[in-house]
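Enquirer: Let me begin by handing over the structure; questions about it come next.
FYI, it's all coordinate maths here, none of it is from the lab. All values reported here derive from a predicted model rather than from experimental measurement. Heads up, the Cβs are rebuilt from the backbone with ideal geometry, glycines too, and the neighbour counts pull from every protein chain shown.
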2 protein chains.
Amino acid sequence: MKNELNFSGGPGILPAEVLTQAQQAIGEVPQVGLSILGISHRSDWFAQVVAEAEANIRTLLRLPDSHAVLFLQGGATLQWTMIPMLLLRGSGKSADYLSTGYWSAKAIAEATLEGPVRVVWDGQAQGYHRLPRATELACSPDAAYLHYVSNETVEGTQFHELPGHDSVPRVCDMSSDFLSRPVDMDRYDILYAHAQKNLGPAGVTVVIIRKSLLDHAPAGIPALLDYRTHLKAGSIYNTPPVFAIYVVLLVTRWLLREVGGLEAMAAINQRKADALYAVLDEYPELYRGWAAREDRSLMNVAFKLPTPELEREFLRRSELEGFSGLAGHRSLGGIRASIYNAMPLASVEALCGFMRGFAAGNG
Amino acid sequence: MKNELNFSGGPGILPAEVLTQAQQAIGEVPQVGLSILGISHRSDWFAQVVAEAEANIRTLLRLPDSHAVLFLQGGATLQWTMIPMLLLRGSGKSADYLSTGYWSAKAIAEATLEGPVRVVWDGQAQGYHRLPRATELACSPDAAYLHYVSNETVEGTQFHELPGHDSVPRVCDMSSDFLSRPVDMDRYDILYAHAQKNLGPAGVTVVIIRKSLLDHAPAGIPALLDYRTHLKAGSIYNTPPVFAIYVVLLVTRWLLREVGGLEAMAAINQRKADALYAVLDEYPELYRGWAAREDRSLMNVAFKLPTPELEREFLRRSELEGFSGLAGHRSLGGIRASIYNAMPLASVEALCGFMRGFAAGNG
């Protein structure tokens, strides 16, 4: 298997130069002389790491001062609890959730422990093949918030327009397409993303939150589950995952300096996705895309082959050529090519070539 | 600064060979061919990592089958919430806590959010210089559990006998002396330790729990905060910190193969601590140990010098010789030498030499 042909759904591929720099830091951080695994999270050096990682994310997203950037643990899963603890518990309101795939459905189950939840749209009966149009959604004008997942990693669907009303807090799980394209942050109130897709190693989650949401937090929230704790402590309330945050810094540097920002990243991601979907469209009988055309994800290209035998053969032969991570999520099966930010266009072209060759042999 | 002279309180020193192996895995895991940062947590390879890490911890501790080993996120801090959620919430009982230092006091504040807490012993007014004798403690025979911290990292005190009744669940924060010496696991019901002292990088916490405690867990606990979730999922409910767990595996291999187990580790740790405390005892006017003699920690040697000016001079000159991490915790000041498992005896001897030289110049 080869790093540059790693199409895993996550933890996924990271830029080669980031791996080199991370490797160096394990031995000895330049200018410090210590392994990053033994550097105190209270050191001046690490304070600079957190500050620069935050500054880079702010620059990349053109983030307004109204929003804070936090680095937390517990993955997206812990956000499914922390968000309703803050916004739903004791609010007297209900929360609107969109059920658009495997991950959004899991978020709903956790929110119901904290208060009433209204599922505004549920695509499960339709197999989560498509996303709702904005005009289909009857979002409550007085909901505590609207929660949705911008990119469903398993099914390979992605919102290309913003759901909800701007007057209701918009909460988005952006784990699998964070920093893959520009977003208008002023229209989001909470955005969260675990790192292991586009941003770094598993073990750290970025949360961007409109600070005014914290003005009316209910009492009695455990300190670690209270965003105010982390805001006040600058993300160093307890020992943070130092190494994972450092790699996030390296990835944001790469986005700024090598890629040239999110517009440039989005253009590259569009070319990669276009190339792969073109192969699906060339061989629609063999490569049966899961997502409806207008909801196709630029991050995860999910498809099935006509039989499980053919899928196994596809995976077996792809592995012989050095590809990896192409098996679909265990809940859906089939094939999935995850083409996160760090996936080179050349690798996508190599996969397209393999797929055309496989199709020629099975036409 | 030099890795082998890193006396940081945590994140702290790791064995040199573990750093080398971790570095290699960032580039490419042997036999896999991918960077560990891009390997799926659902891969066969990572299942083996978790299984071997658990098996090694079981071997090192001679852990009975009654107990499960879990790898979680959120540090010791999240355990301060998860434990009372499981054992205190709705139990109709109160929980006994020992307040023996900075960290145990913080655990108490979180437990009170879940139910009544009784502080059986509070050493704060005495400056946390000493720990209670077992005979001083009036632990409740019907408490939901007894919580204590086996080693107070800040003050440098360590329990050398077991507090509490065996009939009441004994819950121990062993973050800073886990795997530093043999323990009789049958007398513990929950033991937890974040990794960044003796075990690996920040970002993973090991929890050892008597499985029968889970039989009567209250309803409504968020999935991620429910030990049953993690037990059922074999520590892979959501994406775990893959890299941190891999380094834990490397450290447990080092303990088993290089050190030769916990009896051998304890003997080495005793020699290191004896060497340092001997210097304190030689120069009691200059190096004023914080801990009472009978409660001295084998992991953290905390002391003050007669004036803040002398302490600054001590730190300045130690840094010139390559030592680092010797400043005391920000809450206490002074000097602290943390001599975790991976700290070589030779480095402790080098520090003793420096301290004798410093004393000679300031006698």
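Enquirer: Hey, with R₀ at 30 Å, roughly what FRET efficiency would A:Thr20 and A:Glu349 work out to, going by the Cβ-Cβ distance, to 0.05?
Expert: Efficiency at R0 = 30 Å is approximately 0.80.
Enquirer: Let me know the shape class of chain B, please: from the alpha-carbon gyration tensor, a ≥ b ≥ c as square roots of the eigenvalues, rounded when a/c is under 1.5, otherwise prolate if a/b is greater than b/c, or oblate.
Expert: Since a/c reaches 1.5 but b/c is at least a/b, the shape of chain B is classed as oblate.
Enquirer: Out of every Cα pair in the protein assembly as shown, what percent are spaced more than 32 Å from each other?
Expert: Result: 54 percent of Cα pairs exceed 32 Å.
Enquirer: Copy-to-copy spacing for A:Ala134, label 7 Å out on the Cα-to-C-beta vector, in nm, shortest first?
Expert: 7.0
Enquirer: To continue, here is another question. Hey, what number do you get for the protein assembly as shown at 222 nm if only DSSP H runs of n ≥ 4 count, each worth -39500 (n - 2.57), divided across all residues, to the nearest 500?
Expert: Here the helix-only value at 222 nm equals -11000 deg cm²/dmol.
Enquirer: With chain B treated as a Gaussian network of Cα nodes joined by springs under 10 Å, which of B:Val171, B:Val207, B:Val279 yields the largest mean-square fluctuation?
Expert: Of B:Val171, B:Val207, B:Val279, the Gaussian network model singles out B:Val279 as fluctuating most.
Enquirer: Here is a follow-up. What list do you get for B:His165, A:His41 if you sort them by fewest beta carbons within 10 Å? Intermediate values should be presented prior to the final figure.
Expert: Working: B:His165 16, A:His41 22.
Ascending number of Cβ neighbours within 10 Å: B:His165, A:His41.
Enquirer: May I ask you to derive the FRET efficiency for B:Arg330 and A:His129 from their Cβ-Cβ distance with R0 = 60 Å, giving the value to the nearest 0.05?
Expert: 0.65
Enquirer: Using a 10 Å cut-off around each Cβ, can you sort B:Tyr340, A:Tyr237 from fewest to most neighbouring Cβ atoms? Intermediate values should be presented prior to the final figure.
Expert: Details: B:Tyr340 28, A:Tyr237 18.
By the 10 Å Cβ count, ascending: A:Tyr237, B:Tyr340.
Enquirer: Need the list of lysines near A:Lys106 for cross-linking: C-alpha distance under 23 angstrom, and skip anything on the same chain fewer than eight residues off.
Expert: Partners within reach: A:Lys93, A:Lys197, B:Lys232.
Enquirer: I would also like to ask the following. Below 8 Å between Cα atoms, with a sequence gap of 6+, how large is the relative contact order for chain B in percent?
Expert: Value for chain B: 24 percent.
Enquirer: Ranked by Cβ crowding within 10 angstrom, fewest neighbours first, how are A:Arg89, B:Arg330 ordered?
Expert: By the 10 Å Cβ count, ascending, the order reads B:Arg330, A:Arg89.
Enquirer: When Cβ neighbours within 10 Å are restricted to other protein chains, what is their mean count per residue of peptide B:306-312?
Expert: Counting Cβ atoms of other protein chains within 10 Å of each residue's Cβ and averaging gives 0.
Enquirer: Pull up the cross-link candidates among the aspartates and glutamates for B:Lys272, meaning alpha carbon to alpha carbon under 12 Å and not fewer than 8 places away within one chain.
Expert: B:Glu349
Enquirer: Quantify how much of the Cα-Cα distance distribution of region A:138-199 extends past 17 Å, in percent.
Expert: The answer is 38 percent, as a whole percent.
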